[in-house]
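A.B. asks: Submitted below is the structure of interest, expressed as structure tokens.
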2 protein chains.
Amino acid sequence: MSNMTRFTIRPLYLQVRDMLVERITSGQWKPGSGISNEVDLSRELGVSVGTVRKALDVMEQEHLITRRQGRGTFVNDQTSDDLAMRFNRICGSEGNCLSMDILKSEIKAGRATEEEGAKLRLRAGDPVIRVRRVQSAQAKRVLLEQIAMPEARFPGLATKGHVPHRIVALAQQFGILLGGAQERLTVTRATSNVAEALAVETDTPLLELDRIVYSIDGRPVEWRSAMCHLSHGDYYSVDMT
Amino acid sequence: MSNMTRFTIRPLYLQVRDMLVERITSGQWKPGSGISNEVDLSRELGVSVGTVRKALDVMEQEHLITRRQGRGTFVNDQTSDDLAMRFNRICGSEGNCLSMDILKSEIKAGRATEEEGAKLRLRAGDPVIRVRRVQSAQAKRVLLEQIAMPEARFPGLATKGHVPHRIVALAQQFGILLGGAQERLTVTRATSNVAEALAVETDTPLLELDRIVYSIDGRPVEWRSAMCHLSHGDYYSVDMT
DNA sequence: AAGTGGTCTAGACCACGGA
DNA sequence: CCGTGGTCTAGACCACTTA
């Protein structure tokens, strides 16, 4: 019933959503596994089925779960093909997302600059992890990335040799659920450094991508500044609703 | 109740949504005006309040209505500032959408080319309306647009002198509700023609925007190919969820 | 105080998937 | 066949706005 003292303003179905999200982040519910059915959940939590359904509606929109009539409700594997491409809008001429390979990758620990602090909502000097790498598609160099992440969210990452090249996979490893991202696009010309890394002529026009990825609670998780050299036919895709 | 023969598969709340959308497109409910309250609507349509609410939920996500607790539900004016910027992702350095002015504008009637037919789902040779124009922000030329629209959706537009420079305003004039859009971005260099129109040097790097806008029923309404010259600080903004 | 949308409940039936 | 999520109903109370 929960008819008792309601001091909190947050609606019940959002409180339920918070509890269920916690079960995912804590690892109690693992990606790919099914979760209790709606009736059982409602009994367990002491709320009505309608309230549970509304919580699940929210979580479905947040890409956290998938519901299939007749089968059940399942925790999403964020590394699955469709979800992994959520934050990659670079597509090939056939409309398919480009799957890229890592060419070079350096990882370093450091202290946040003023700019990194502003983007990641840290204080300047807070520990960060930086990655610089080149991604290629079909033997062509496409992306030169400079990434900064708060060390606090990825403890021990700097000492690991391997960093997954997709932010969704990295986040899932550290039990972080991603919410959204904002990307800003501009056009620039390749400086000599950039030109060398991407194997293009100096002054080649490039797409500059400045992206901040947020976790589901709205805190910044990654700041990526990338230079992108698009081959003929490739494009950056935006869907508006 | 509607317990009677249910041959249709489309859920009742979506049928209700369709009926309410029709009231907007037909002009029975005008932008800015309030609509009947949920209880009255449910009685009038012979469905439960919950079903009406679910229909309104959908319409709110489609940007068709705004609900305000204690006040009522209102039909959105698509030309209002926030909604008008829905399909314009070009922002200034302060994060605000650039509001632009029309510098030059030509409108012509014509017959669809193969490419226009493919983009607008017409047959080659079907009547189209074409617009070519330049937009500027703060005295700087920013956009060179080439637009094609199906004449059937905008009867008589070619003979009008004035074309609103925002697709949302134009659509509202002709009773079209817009659903979504897809934009494809690439980087190119200004050809001599483009350079002249935008008052830049030949070979200046430009952002090329290829956009198709769809009406709420999923049919193409406008195909725009634009060349964009971004000033320092301006950028194209993408939000991902 | 009256009227609105927002939340929550309890229970019914339907459509789908798998045993 | 059973269990699942999807739809639909009827009614209660809450929170907000306006008069």
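A.B. asks: Please verify whether the stretch A:145-162 includes one or more residues that are within 14 Å of another protein chain (Cβ to nearest Cβ) and out of contact with any Leu (no Cβ under 9 Å at 6 or more places or on another chain). Let's see the steps before the verdict.
C.D. replies: Start the filter on the stretch A:145-162 by keeping residues that are within 14 Å of another protein chain (Cβ to nearest Cβ), which leaves none.
Within the stretch A:145-162, none of the residues are within 14 Å of another protein chain (Cβ to nearest Cβ) and out of contact with any Leu (no Cβ under 9 Å at 6 or more places or on another chain).
A.B. asks: Across the stretch B:8-38, which residue is nearest to the chain's Cα centre (by Cα) among those that are among the acidic types (Asp, Glu) and within 14 Å of DNA strand D (Cβ to nearest atom)?
C.D. replies: The residue in question is B:Asp18.
A.B. asks: Still on this structure, I have one more. So B:Asp82 fits all but one of (1) within 15 Å of the chain's Cα centre (by Cα); (2) crowded, with 16+ Cβ neighbours inside 10 Å; what number is the exception?
C.D. replies: Against the list (1) within 15 Å of the chain's Cα centre (by Cα); (2) crowded, with 16+ Cβ neighbours inside 10 Å, B:Asp82 comes up short only on (2).
A.B. asks: Name every residue in the stretch B:202-211 that is surrounded by fewer than 15 Cβ atoms within 10 Å (Cβ to Cβ) and either within 10 Å of another protein chain (Cβ to nearest Cβ) or touching a Pro at 6+ places or on another chain (Cβ under 9 Å) (or both), in order of residue number.
C.D. replies: Within the stretch B:202-211, B:Asp203 is the sole residue that qualifies.
A.B. asks: For the stretch A:184-201: of the residues being of a type in the set (Val, Ile, Thr) and within 13 Å of another protein chain (Cβ to nearest Cβ), which is surrounded by the most Cβ atoms within 10 Å (Cβ to Cβ)? Please lay out each step first, then the result.
C.D. replies: Of the residues in the stretch A:184-201, the ones of a type in the set (Val, Ile, Thr) are A:186-188, A:191, A:194, A:200.
The next check asks that each one be within 13 Å of another protein chain (Cβ to nearest Cβ); those that pass are A:186-188, A:200.
Values: A:Thr186: 17, A:Val187: 21, A:Thr188: 16, A:Val200: 17.
Among residues in the stretch A:184-201 that are of a type in the set (Val, Ile, Thr) and within 13 Å of another protein chain (Cβ to nearest Cβ), the one surrounded by the most Cβ atoms within 10 Å (Cβ to Cβ) is A:Val187.
A.B. asks: Mind checking whether some residue in the stretch B:32-41 is over 21 Å from A:Lys54 (Cβ atoms) and of a type in the set (Ser, Thr, Tyr)?
C.D. replies: Taking every residue of the stretch B:32-41 in turn, at least one turns out to be over 21 Å from A:Lys54 (Cβ atoms) and of a type in the set (Ser, Thr, Tyr).
A.B. asks: Which of the numbered conditions does A:Arg123 fail, given that it passes all the others? Conditions: (1) more than 14 Å from chain B (Cβ to nearest Cβ); (2) outside any helix (DSSP H, G or I); (3) buried (at least 17 other Cβ atoms within 10 Å of the Cβ); (4) not hydrophobic (A, V, I, L, M, F, W, C).
C.D. replies: Of (1) more than 14 Å from chain B (Cβ to nearest Cβ); (2) outside any helix (DSSP H, G or I); (3) buried (at least 17 other Cβ atoms within 10 Å of the Cβ); (4) not hydrophobic (A, V, I, L, M, F, W, C), only one is false for A:Arg123: (3).
A.B. asks: Condition check: more than 30 Å from B:His162 (Cα to Cα) and of a type in the set (D, E, K, R). Does B:Lys54 satisfy that?
C.D. replies: Yes.
A.B. asks: Does B:Arg23 satisfy the condition of being in contact with a Phe, Trp or Tyr (Cβ under 9 Å, 6 or more places away or on another chain) and within 16 Å of DNA strand C (Cβ to nearest atom)?
C.D. replies: yes
A.B. asks: State all residues of the stretch A:58-92 that are assigned to a strand (DSSP E or B) and within 14 Å of chain B (Cβ to nearest Cβ); if no residue qualifies, say none.
C.D. replies: If the condition is that a residue be assigned to a strand (DSSP E or B) and within 14 Å of chain B (Cβ to nearest Cβ), then A:Ile90, A:Cys91 are the ones that fit.
Bear in mind these aren't lab numbers, they're just calculated from the coordinates by the rules spelled out. Because the structure is a prediction, the values reported are computed rather than measured. Quick reminder, even Gly has a Cβ in these numbers, built from the backbone with ideal geometry, and neighbours come from all protein chains shown.
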